Amino acid sequence: MTAEAEAGGRRQLYGRRHGKRLKPSQQRLLAELLPRLRLAGVSRAENPERRPLAHEALFADRRPLWLEVGFGGGEHLAHVARANPGLGLVGCEPFVNGVAKALAAIEAAGVDNVRLHPGDARDLIELLPAGAVGRVFLLYPDPWPKARHARRRFASRENLALLAPAVMPGAELRLATDIEAYAEHALAEVALSPGWRTVADGRAPWADWPGTRYEAKALEAGRRPRYITVVRL
């Protein structure tokens, strides 16, 4: 498989799947906690016919859903889950070491309203129940800074079109990035995407923003993040 393609013939939007060797505690979480939180029937191996998921397959009580695409180490996902116990938080992340860190954060937070897809977010998005998602987070995504790699950024017309059926009208997509080229690219893609509109673009984070380690690194390096809010019409 080349870097430009993955299962289903799509362009790959992420880099490596594995990092440094996992600690025993992380291996335990992957073996014991992940199977309890992992959404079944999402991968192409499990669901080659791509049958849509029922809302009850995510949370039995059909609670409102928020989605985080690429949750990194999971600190934001765990924080939001703890602050919003009546919501269902669904997180996607293909990087195994990030999944292990997120599991530790979820366990430490003591929350039970999180479900995970440890893989490509698009595999889950295309199966989500229609209009079930009330908010989407895209926080410090891989910037793919080289011009020839811009098509691999998640903020694209193609992915906004894929996401649109799963998102309820009025729902927000929150994008945080410290890369100016990514922010401008995302704004341009939103402007060309029917059913989406940018309503905010500034340097101040959202009122309920807890911060992340990626934001801290950006600020330490002297970069000023941008916080963009897009609404589903």
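Summary table
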{"item": "Test: residue in the stretch 80-101 that is closer than 20 Å to I228 by Cα and outside any strand (DSSP E or B)", "result": "yes"}
{"item": "Scan of the stretch 51-79 for residues that are part of a loop (DSSP other than H, G, I, E, B) and among the charged types (D, E, K, R), ordered by number", "result": "R51, D61, R62, R63"}
{"item": "Residues of the stretch 37-87 satisfying the condition of being buried (at least 23 other Cβ atoms within 10 Å of the Cβ) and small (G, A, S)", "result": "G74, A78, A81"}
{"item": "Residue within the stretch 138-146 that is within 23 Å of H79 (Cα to Cα), at pLDDT 95 or above and either over 19 Å from the mean Cα position of the chain (by Cα) or open to solvent by less than 20 Å² (accessible area, probe 1.4 Å) (or both) present", "result": "yes"}
{"item": "Selection from the stretch 174-198 of residues that are within 25 Å of A81 (Cα to Cα) and open to solvent by 20 Å² or more (accessible area, probe 1.4 Å)", "result": "R174, D178"}
{"item": "E107 under 16 Å from R38 (Cβ atoms) and open to solvent by 50 Å² or more (accessible area, probe 1.4 Å)", "result": "yes"}
{"item": "Among the candidates E126, E75, residue that is within 20 Å of A155 (Cα to Cα) and within 14 Å of the chain's Cα centre (by Cα)", "result": "E126"}
{"item": "Residue in the stretch 17-37 that is under 17 Å from G131 (Cα atoms) and in a loop (DSSP other than H, G, I, E, B) present", "result": "no"}
{"item": "Number of positions in the stretch 210-228 that are in contact with a Lys or Arg (Cβ under 9 Å, 6 or more places away or on another chain) and open to solvent by less than 40 Å² (accessible area, probe 1.4 Å)", "result": "5"}
{"item": "Number of the exception - I125 against (1) out of contact with any strand residue (DSSP E or B) (no Cβ under 7 Å at 6 or more places or on another chain); (2) surrounded by fewer than 21 Cβ atoms within 10 Å (Cβ to Cβ); (3) within 29 Å of F59 (Cα to Cα)", "result": "(2)"}
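The values are calculated or read from the model by the stated rules, or taken from the named source; none is laboratory data. If you're wondering where the values come from, they're calculated on a predicted model, not measured in any experiment. Positions of Cβ are backbone-derived with ideal geometry, glycine not excepted, and every protein chain shown enters the neighbour counts. Quick note on the areas: whole protein, heavy atoms, side chains included, nothing else; ligands and nucleic acids left out. Shrake-Rupley method; radii C 1.70, N 1.55, O 1.52, S 1.80 Å.
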